[in-house]
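The values are calculated or read from the model by the stated rules, or taken from the named source; none is laboratory data. Bear in mind the structure is a predicted one, so any value in this text is a computation, not a measurement. Cβ coordinates were reconstructed from backbone atoms using ideal geometry, including for glycine residues, and neighbour counts include every protein chain displayed.
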There are 2 protein chains.
Amino acid sequence: MNARDRSDSAFRDDVLAAGLLVPSSVDGVYGRSETYENVAYGIERYVTRLGEHEVEGRLDFPPVLPRSAFERTGYLSSFPHLMGSIHSFAGDEGLHTDMVAQAHAGEKWAANLEPTDVMLCSAACHSLYPGLAGYLPPGGQAVQVTGWCFRREPSLRVTRMQAFRMVERVYVGEQDTAVVMRDRWLEQGRESLIAVGLDVDTVPANDPFFGRSGRLLAQSQRETGLKFELVFSFSGDEEPVALASSNLHQDHFGEAFGISTAAGTLAHSTCFGWGVDRIVLALLCRYGTNPDRWPLAVRGVLWP
Amino acid sequence: MNARDRSDSAFRDDVLAAGLLVPSSVDGVYGRSETYENVAYGIERYVTRLGEHEVEGRLDFPPVLPRSAFERTGYLSSFPHLMGSIHSFAGDEGLHTDMVAQAHAGEKWAANLEPTDVMLCSAACHSLYPGLAGYLPPGGQAVQVTGWCFRREPSLRVTRMQAFRMVERVYVGEQDTAVVMRDRWLEQGRESLIAVGLDVDTVPANDPFFGRSGRLLAQSQRETGLKFELVFSFSGDEEPVALASSNLHQDHFGEAFGISTAAGTLAHSTCFGWGVDRIVLALLCRYGTNPDRWPLAVRGVLWP
């Protein structure tokens, strides 16, 4: 039976039964097996090779970023329900004794903590922009960024993890070039997935903006064609899932982080992101849970 | 001039000037260049190969772990100042509007957030123990775990990052075997660093326990020989820095997570952890900031 004829929960059961992911007591937080990691690393290397002539450099960011950078992204306003704010203990020994006692009593000890100056990273490219403040070189700049991202959306759907890896290409520079790069990377991204047998569709999309006013933002984002997703059907009877996405930010980040083109105008930007974990899962769905038995052509692309 | 004749801040300047690490506005949070990442990955592969016959499996964990697991580790009691608790927004649109207004006014908006059921991972092995609850196979179990760890200790010392990668070997099982594994892995760990020219010393150590009562715990840990570190001198006039460490936990995690030996006694455990980022930095300090010019023998070990 083709994996795609099954439900998402049956696919999840297969992935867990094969030991590829190890569940925890929290939905969407998994340990990863050596086999799973080998596939993930193969995908990261693969898309990195594809982008060698597209970007001028590559940066890997830690899972945390400065709170001041997070505050500029607009995430607080648009996606407050998905953020991860990092808090720690800054009190004295008396407060510590009380807090430990609360924990032993099963009470909410974390109310004693203070927000730190770091947040969990919501999208890999957010860590890049602060370092671009000021004037860009002529023609702008294209960079590949990778990192762990966090989104607070516990789910039993194995394709919706709270912590996941993302590889992104980011262009920051001229308005016209941003549109050109968006179009080019969206097509290259589609080809990268088709090449390993993942028959994705390119569809207009919107982000999950918070609240009622968020619904208007989502509608506007869709109508202006700022976001596209490459979606894959894990099963016949459920919504297709985005394996990758393209965003045209216009001058949103240019303004937020004070980034100018060489000519002194506000920088525009675009990013194309591969969801590494979802691509691993799509391959497992498409070819089965034993990568040793995947088609040679696919193995050759992942592990040349 | 040998890098080790310089101060830590001069070494940091060199690493940043070479573009290997990209500083952020928060001390101890850095982006990593492609070159840096290649060294880090080389180290991870190297120590993984060394451990192939030492462990039965390998797991990679995300940067977050369940709060319930964190609560069992004892970290809240011993190292509250280093923890990273993840909070998010669970309020309604009215509270959201207020919070965004507070943020715009430069006020402490994060007080509106609620603790989630996840924490940042403090040590890679913490994510492993919940899955071992119950009875171990005869002889116990040895696993390699890798992951991003977080410790809330902002510092300008480049060797003290807030977010860093760790590779650990963990044995959980019989009391006697835990001591045997501790001794063996400590010696193998020392050899792994000596083999790439890092002349580390094995020294008794203690963890940075919180508060006055913590000082007694630290003293006891040292006197009972439960913790050893492999330390390296980055510069002549500063304290050597741990590149790796060994911990004998006795039955601490066995009791906390309900892990029993096959015979039904409380499991003992030990771990040996390589601080991947510190080893990268030690190699940069020892051989210079251009890995292309490192000795062939070292390059051959990292990239065989």
Discussion item. Can you tell me how many residues within segment B:71-94 are without any contact (Cβ under 8 Å) to a residue 60 or more places away in the chain and more than 9 Å from every other protein chain (Cβ to nearest Cβ)?
Written reply: 2
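Take A:V100 and decide whether it is in contact with a strand residue (DSSP E or B) (Cβ under 8 Å, 6 or more places away or on another chain), at negative phi and either within 7 Å of another protein chain (Cβ to nearest Cβ) or modelled with pLDDT of 95 or more (or both). Outline the logic, then answer.
Numbers: in contact with a strand residue (DSSP E or B) (Cβ under 8 Å, 6 or more places away or on another chain): no; at negative phi: yes; either within 7 Å of another protein chain (Cβ to nearest Cβ) or modelled with pLDDT of 95 or more (or both): yes.
Spelling it out, it is not the case that A:V100 is in contact with a strand residue (DSSP E or B) (Cβ under 8 Å, 6 or more places away or on another chain), at negative phi and either within 7 Å of another protein chain (Cβ to nearest Cβ) or modelled with pLDDT of 95 or more (or both).
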Worksheet item: Just one of the numbered conditions (1) under 17 Å from the mean Cα position of the chain (by Cα); (2) more than 12 Å from chain A (Cβ to nearest Cβ) is not true of B:H53; which one?
Response: (1)
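Would you point out which residue out of B:F232, B:F228, B:F257 is touching a residue at least 40 places away in the same chain (Cβ under 8 Å), aromatic (F, W, Y), out of contact with any His (no Cβ under 6 Å at 6 or more places or on another chain) and within 21 Å of B:M83 (Cβ to Cβ)?
Numbers: B:F232 fails: within 21 Å of B:M83 (Cβ to Cβ); B:F228 fails: within 21 Å of B:M83 (Cβ to Cβ).
Exactly one residue qualifies, and that residue is B:F257.
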Practice prompt. Would you tally the residues in segment A:251-283 being buried (at least 21 other Cβ atoms within 10 Å of the Cβ), over 19 Å from the mean Cα position of the chain (by Cα) and not in a loop (DSSP other than H, G, I, E, B)?
Written response: 4
Response to the item:
Within segment B:234-250, residues being at pLDDT below 95 and surrounded by fewer than 23 Cβ atoms within 10 Å (Cβ to Cβ) number 5
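Name every residue in segment A:219-235 that is within 23 Å of A:S192 (Cα to Cα) and not aliphatic (A, V, I, L, M), in order of residue number.
So the first thing to find is which residues in segment A:219-235 are within 23 Å of A:S192 (Cα to Cα), and the list is A:225-235.
Selection gives A:G225, A:K227, A:F228, A:E229, A:F232, A:S233, A:F234, A:S235.
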Practice prompt. Scan (1) in a loop (DSSP other than H, G, I, E, B); (2) over 15 Å from the mean Cα position of the chain (by Cα); (3) surrounded by 14 or more Cβ atoms within 10 Å (Cβ to Cβ) for the single condition B:Y171 breaks and write down its number.
Written response: (1)
Item to complete: Mind listing whichever residues of segment A:121-150 are farther than 15 Å from A:V276 by Cα and in a loop (DSSP other than H, G, I, E, B)?
Response: A:C121, A:L128, A:A133, A:L136, A:P137, A:P138, A:G139, A:G140
Discussion item. Residues that are out of contact with any Lys or Arg (no Cβ under 8 Å at 6 or more places or on another chain) and either among the charged types (D, E, K, R) or over 29 Å from A:H81 (Cα atoms) (or both): list the strands (runs of 3 or more DSSP E) wholly contained in segment B:26-107 that include at least 1 such residues.
Written reply: B:30-33, B:57-61
Item to complete: Would you please name the residue that is nearest to the other protein chains (Cβ to nearest Cβ), looking only at residues in segment A:134-144 that are small (G, A, S) and surrounded by 14 or more Cβ atoms within 10 Å (Cβ to Cβ)?
Response: A:A142
Response to the item:
Here the residues within segment A:13-25 that are part of a helix (DSSP H, G or I) and either hydroxyl-bearing (S, T, Y) or closer than 26 Å to A:G189 by Cα (or both) are A:V15
Practice prompt. Hey, could you check segment B:10-60 for residues that are of a type in the set (K, R) and touching a strand residue (DSSP E or B) at 6+ places or on another chain (Cβ under 6 Å) and say which is nearest to B:P154 (Cα to Cα)?
Written response: B:R32
